[in-house]
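The values are calculated or read from the model by the stated rules, or taken from the named source; none is laboratory data. Here the structure is a predicted model, which means the values were calculated and not measured. Here the Cβ is made from the backbone with ideal geometry for all residues, glycine too, and neighbour counts use every protein chain on show.
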Amino acid sequence: MLDKYFGITTRGSSYRKEIIGGATTFLTMAYIIFVNPNILGDAGMNKDALITVTILASVIGTVLAGVWARVPYAMAPGMGLNAFFTYTLVLGAGVDWQTALGVVFISGVIFVILTVTGIRTKIIHTIPLALRLATGAGIGLFISFIGFKEMGLVVANPATFVGLGTFTPTLLIGLGGLVITAILEVKKVKGGIFYGIIITTIIAIIFGQVKAPQVLFSMPPSISPLAFKLDIMSALSFGLIGAVFSFMFVDLFDSVGTIVACSYEAGFVDKNGKVEHVDRILEADAVATVAGSLLGTSTTTTYIESASGIANGAKTGFASVITALLFLLTLFFAPVIGIVPAYATAPALVIVGVYMFKNIAQIKFTDFTESIPAFLTIILMPLTYSISNGLSFGFIAFVLLKAVAGKFDEISWLMWIIAALSVLNLWIGV
């Protein structure tokens with residue numbers, strides 16, 4: 001019955017291949033269980049509850065991808081999107097986390113509408129490739145910067161804005177963790193980032209910087225401090241339009257870029273370049289975001305780490321069910337997850353940033369109407385500590401420079417609207 005529903009034999013797969021593929025995907029993205037609570041915890045949210053919420057959001061999104069879309073993709077709260085939630089919206093703009101969750105909810109609902117009507121796919125083809133690539137690269141720099149800050153390598157300096165931190169025991173452990181994680185990635189160890197976090201935490205325990213958990217297993221922490229605490233009415237205020245737009249834009253291209261890349265890897269793209277099941281995948285992504293906001297986490301998106309599972313045999317949605325089950329099991333390891341310090345997850349942020357930055361090579365830097373907007377998008381995200389600001393300057397610069405160069409045919413009507421919204425976003429200041 002399962003074979004027929006998921007098409008395991010039809011896809012030329014087997015239960016063994018699907019289980020191995022699903023487990024591989026889990027290992028390569030399990031770091032989010034540690035990283036997401038640390039990032040959103042900085043926004044004042046209950047970290048214990050965040051552990052449970054992060055896992056549940058990952059389970060819901062991944063099950064939807066496996067059972068509804070029937071593809072071997074996994075979903076979880078997105079890197080970069082959680083950073084925008086905490087450091088740009090809550091800490092940067094002074095929005096409380098309840099309202100920020102309301103912003104995530106609204107963006108998710110709009111996503112559902114755009115997906116069902118088919119508008120979401122059309123928008124994707126309208127945004128220039130250079131800006132799409134720059135968005136990923138800029139977010140990569142931004143979360144790497146956050147990683148260095150959490151580690152203590154980069155600190156505030158009144159004379160130069162930023163400076164080199166003092167080499168404390170925790171910084172040395174963090175740097176050691178970065179070296180270990182980098183080596184694991186170079187050696188192509190499956191789950192290298194995940195293992196890097198575990199090893200770094202063990203080193204911290206050995207040197208007395210972290211107390212070992214008294215128990216390894218427990219019932220999952222309650223989600224009551226976060227569940228359904230979102231403030232939708234406050235999120236509907238005019239001043240948060242830019243924030244809603246930024247969440248939508250980042251998730252739009254993050255998820256679509258991942259879906260396309262994984263679909264090629266899985267053989268879900270026909271000879272005309274059409275991705276199979278794309279509508280259902282996008283629907284699952286949008287519904288997972290809405291569900292995640294209700295539970296108490298930032299935007300849920302499709303993970304590129306799914307490609308590792310596909311490369312190891314996953315070809316159907318059954319692999320995603322395996323990934324979801326493994327996430328579900330981690331609910332009972334909260335005592336272990338809870339002791340992981342920020343400087344132990346910081347190396348993961350840096351390495352993920354490297355992965356997000358690597359596509360910069362595809363930008364045409366010889367064309368200044370493309371490279372300048374892309375450069376502004378990339379550099380201003382970390383320098384202004386805001387993904388939203390980087391996006392806004394990039395969009396405005398693109399339309400302005402293309403117009404000055406007389407290349408009006410390369411500016412779609414939608415880009416004019418987006419540029420206008422970007423001006424509004426900068427004027428509002430979110």
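Residues in segment 360-390 that are within 21 Å of E410 (Cβ to Cβ) and polar (S, T, N, Q): Q362, T366, T369, S371, T377. Of all residues in segment 180-209, those being within 28 Å of I20 (Cα to Cα) and not in a loop (DSSP other than H, G, I, E, B) number 18.
This table checks each residue for (1) within 28 Å of A65 (Cα to Cα); (2) at pLDDT 85 or above.
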| residue | (1), (2) |
| --- | --- |
| E305 | yes, no |
| I310 | yes, yes |
| N359 | yes, no |
| L380 | no, yes |
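Of all positions in segment 68-87, at least one carries a residue that is over 26 Å from G242 (Cα atoms) and assigned to a helix (DSSP H, G or I). Any chance segment 297-308 includes a residue that's within 16 Å of the chain's Cα centre (by Cα), farther than 20 Å from T28 by Cβ and of a type in the set (G, A, S)? So far as segment 297-308 goes, yes, one or more of its residues are within 16 Å of the chain's Cα centre (by Cα), farther than 20 Å from T28 by Cβ and of a type in the set (G, A, S). Residues of segment 71-85 that are more than 19 Å from I55 (Cβ to Cβ) and at pLDDT 90 or above: V71, P72. Count of segment 196-233 residues, restricted to those that are surrounded by 13 or more Cβ atoms within 10 Å (Cβ to Cβ) and under 17 Å from L101 (Cβ atoms), is 8.
Within segment 140-153, none of the residues are surrounded by fewer than 18 Cβ atoms within 10 Å (Cβ to Cβ) and either more than 30 Å from G21 (Cβ to Cβ) or touching a residue at least 12 places away in the same chain (Cβ under 8 Å) (or both). Out of segment 359-398, which residues are free of Cβ contacts under 8 Å to residues at least 24 places away in the same chain, in contact with a helix residue (DSSP H, G or I) (Cβ under 8 Å, 6 or more places away or on another chain) and in a helix (DSSP H, G or I)? Once the filter is applied, which keeps residues that are free of Cβ contacts under 8 Å to residues at least 24 places away in the same chain, in contact with a helix residue (DSSP H, G or I) (Cβ under 8 Å, 6 or more places away or on another chain) and in a helix (DSSP H, G or I), segment 359-398 yields only L376. Of the numbered criteria (1) in contact (Cβ under 8 Å) with a residue 60 or more places away in the chain; (2) over 15 Å from I337 (Cβ atoms), the one F194 fails is (2).
Remark: pairs (first residue in segment 46-62, in a helix (DSSP H, G or I); second residue surrounded by 24 or more Cβ atoms within 10 Å (Cβ to Cβ) and among the acidic types (D, E); Cβ separation under 9 Å; 6+ apart in sequence or on different chains) = G61/D285.
Confirm whether T345 is more than 26 Å from V90 (Cα to Cα) and among the β-branched types (V, I, T). Criteria not met by T345. For segment 234-251: of the residues being of a type in the set (S, T, N, Q) and part of a helix (DSSP H, G or I), which is surrounded by the fewest Cβ atoms within 10 Å (Cβ to Cβ)? Among residues in segment 234-251 that are of a type in the set (S, T, N, Q) and part of a helix (DSSP H, G or I), the one surrounded by the fewest Cβ atoms within 10 Å (Cβ to Cβ) is S234. Taking the criterion of being part of a helix (DSSP H, G or I) and either farther than 19 Å from I33 by Cα or acidic (D, E) (or both), the residues of segment 308-318 that qualify are I310, A311, G317, F318.
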